[in-house]
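Visitor: I am attaching a structure below and will ask some questions about it afterwards.
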Amino acid sequence: MDVLYIHRWDDETPTREMMKTLNGLVEDGKVHYLGASTLRPNAWKVAKANEIARAEGWEPFTVAQPRYNLVDREIEGDYLEMTRSYGIAVCPWSPLGQGFLTGKYTREDGLTGESRAAESSRFEESYLTEENFDVHDELDAVAEEVDATPAQTALAWLMHRDGVTAPIVGARTVEQLTENLEAAAIDLTDEQVDRLTEAKPDPYAGL
């Protein structure tokens, strides 16, 4: 196994013992690298684990797998600063916001019966908000400027973010995969990147 991801660990998990065990897997050749994947990014837990690992000469986390996209921006606080400081590669999951950033949802239609999220009130409350649709309006505008789809443009924005190594795409069809891969060829200008970034208010502004 190339990378072993630890999804999350609670406050009761002894961090030192966990890192010792993970290091043993690396020493045994069962895995090559360690990654931290989480729904709610917690910078201090990863930093604490890596400090313990470095002090003991163990394998640290070298890859992080947080949620990150144009409308899910919680890692832009301490978490991204932490990954840059430790040289941790960031490979975001849900780069298209569970399909919201593909353009399949509209203010008028909302959830559709064919969507996997159609029965999820949590999805509707989290993504189908006026604030997020305002972000999508800017995304659509930039996508038209660069002759790309909203999904491709959202992925291109993510690849322009400092500290992001590569997004994890969740294509279900060959067509979706092909579309996503073409995002790598999109060269957004600094002005376009800034417009997309500023489309959603910075939750950490002024802190």
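The values are calculated or read from the model by the stated rules, or taken from the named source; none is laboratory data. Remember, it's a predicted structure, so these values are computed and weren't measured experimentally. Methodologically, a virtual Cβ is constructed for each residue, glycine included, from the backbone with ideal geometry; neighbour enumeration extends over all protein chains shown.
Visitor: Quick check on the stretch 72-87: of everything there that is crowded, with 22+ Cβ neighbours inside 10 Å and of a type in the set (A, V, I, L, M), which residue is farthest from ALA55 (Cα to Cα)?
Guide: Among those that are crowded, with 22+ Cβ neighbours inside 10 Å and of a type in the set (A, V, I, L, M), it is ILE75.
Visitor: For ILE75, all conditions in the list (1) touching a residue at least 24 places away in the same chain (Cβ under 8 Å); (2) part of a loop (DSSP other than H, G, I, E, B) hold save one; what is the number of the exception?
Guide: So ILE75 meets the others, but not (2).
Visitor: Quick check on the stretch 146-158: of everything there that is in contact with a helix residue (DSSP H, G or I) (Cβ under 7 Å, 6 or more places away or on another chain) and not in a loop (DSSP other than H, G, I, E, B), which residue is nearest to ASP194 (Cα to Cα)?
Guide: This residue is TRP157.
Visitor: Please go through the stretch 78-97 and give me each residue that is among the aliphatic types (A, V, I, L, M), in a loop (DSSP other than H, G, I, E, B) and within 12 Å of PRO167 (Cα to Cα), ordered by number.
Guide: Scanning the stretch 78-97 gives a single hit, LEU96.
Visitor: Being hydroxyl-bearing (Ser, Thr, Tyr) and either surrounded by 14 or more Cβ atoms within 10 Å (Cβ to Cβ) or at pLDDT 90 or above (or both) narrows it down to one residue among THR112, THR106, THR102; which is it?
Guide: From the options THR112, THR106, THR102, the qualifying one is THR102.
Visitor: Being among the acidic types (Asp, Glu), surrounded by 15 or more Cβ atoms within 10 Å (Cβ to Cβ) and either in contact with a helix residue (DSSP H, G or I) (Cβ under 7 Å, 6 or more places away or on another chain) or not in a helix (DSSP H, G or I) (or both), is that true of even one residue in the stretch 169-183?
Guide: yes
Visitor: So if I check each of ARG40, ARG67, which one is closer than 29 Å to ALA151 by Cβ and exposed (fewer than 15 other Cβ atoms within 10 Å of the Cβ)?
Guide: After applying the criteria, what remains is ARG40.
Visitor: Among (1) within 30 Å of VAL26 (Cβ to Cβ); (2) in a helix (DSSP H, G or I), which single condition is ALA141 missing?
Guide: Going through (1) within 30 Å of VAL26 (Cβ to Cβ); (2) in a helix (DSSP H, G or I) one by one, ALA141 breaks only (1).
Visitor: Pairs please, first residue from the stretch 174-191 and free of Cβ contacts under 8 Å to residues at least 60 places away in the same chain, second anywhere and surrounded by 10 or more Cβ atoms within 10 Å (Cβ to Cβ) and among the hydroxyl-bearing types (Ser, Thr, Tyr), Cβ atoms under 8 Å, 6+ apart in sequence or on different chains.
Guide: These pairs meet every condition: GLU179/THR149; ALA183/THR153; ILE186/THR153; LEU188/THR153.
Visitor: Mind counting the residues in the stretch 43-61 that are surrounded by 14 or more Cβ atoms within 10 Å (Cβ to Cβ), touching a helix residue (DSSP H, G or I) at 6+ places or on another chain (Cβ under 8 Å) and part of a helix (DSSP H, G or I)?
Guide: The total comes to 9.
Visitor: Which residue, of ARG161, ARG122, is surrounded by fewer than 15 Cβ atoms within 10 Å (Cβ to Cβ) and out of contact with any helix residue (DSSP H, G or I) (no Cβ under 7 Å at 6 or more places or on another chain)? Before you say what the answer is, go through the steps one by one.
Guide: On the way: ARG161 fails: surrounded by fewer than 15 Cβ atoms within 10 Å (Cβ to Cβ).
Going through ARG161, ARG122 in turn, just one is surrounded by fewer than 15 Cβ atoms within 10 Å (Cβ to Cβ) and out of contact with any helix residue (DSSP H, G or I) (no Cβ under 7 Å at 6 or more places or on another chain): ARG122.
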